[in-house]
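Report on the following structure.
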Amino acid sequence: MSDPVQNDNAEDVGSVPSFFREHAEFLHLLDEVATSASNVESWTLPNAPEEEMRLIREMKKTLDVYQEQPTCLDPYLERIVSRLMSVVQEYVYAFHDTMYKPESPITVTRMDGIFDLLYTLCKVRGYKVILRFFPHGVADVEPVFATLWRFSVDLEASNWPARYTLLIWLSLLAMIPFDI
């Protein structure tokens, strides 16, 4: 998907942005965060690396500016959400595959920053708009449900944005027609 052409001389109404000015920097930070979070070896860490969390905080701060004009993000949403969800989907599948092993090396808190960033996108643009870009294959139902269940019963996993994101993903998956 190519970047829409933006007029740098466009007037903003008051302090409300008229387009996503920071898109190039934001997409660069997104690639850095997704690359860091995709590192399978880091999934055994109790938390995300500090540099990754710093980038996520910066990205959330940028997104919060667009709460009054969330449609400015629309041309970039598919790229942003798809990139984040590809990391989350990979993590959910790996977590599901190892969650029943006695010594599961994958921690439940490693992706807290990614889930928090997805929650911020839902807060700014609305979950119904963001949900359109979530993966929705039948094969996702069991891993997402099992991961949500594990996050809900595990006292260590007190990250409600993770449960929120998994729950809205599961709500999309529940609408998929499939044989029982």
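The values are calculated or read from the model by the stated rules, or taken from the named source; none is laboratory data. Nothing here was measured: the structure is a model prediction, and the numbers come from that model. What goes into the accessible areas is simple: the full protein's heavy atoms, side chains included, and nothing from ligands, DNA or RNA. Shrake-Rupley method; radii C 1.70, N 1.55, O 1.52, S 1.80 Å.
A full extension of the chain between V65 and Y93 corresponds to an added length of 6.8 nm, given 0.36 nm per residue minus the alpha carbon distance.
Between H28 and I176, residue separation times 0.36 nm minus the direct Cα-Cα distance comes to 49.9 nm. Over the C-alpha trace of the chain, radius of gyration and Dmax come out as 17.1, 59 angstrom.
Compactness check for the range 71-142: Cα Rg over 2.2 N^0.38 Å is 1.24.
Going by accessible surface with a 1.4 Å probe and the largest first, Y93, Y66 read Y93, Y66.
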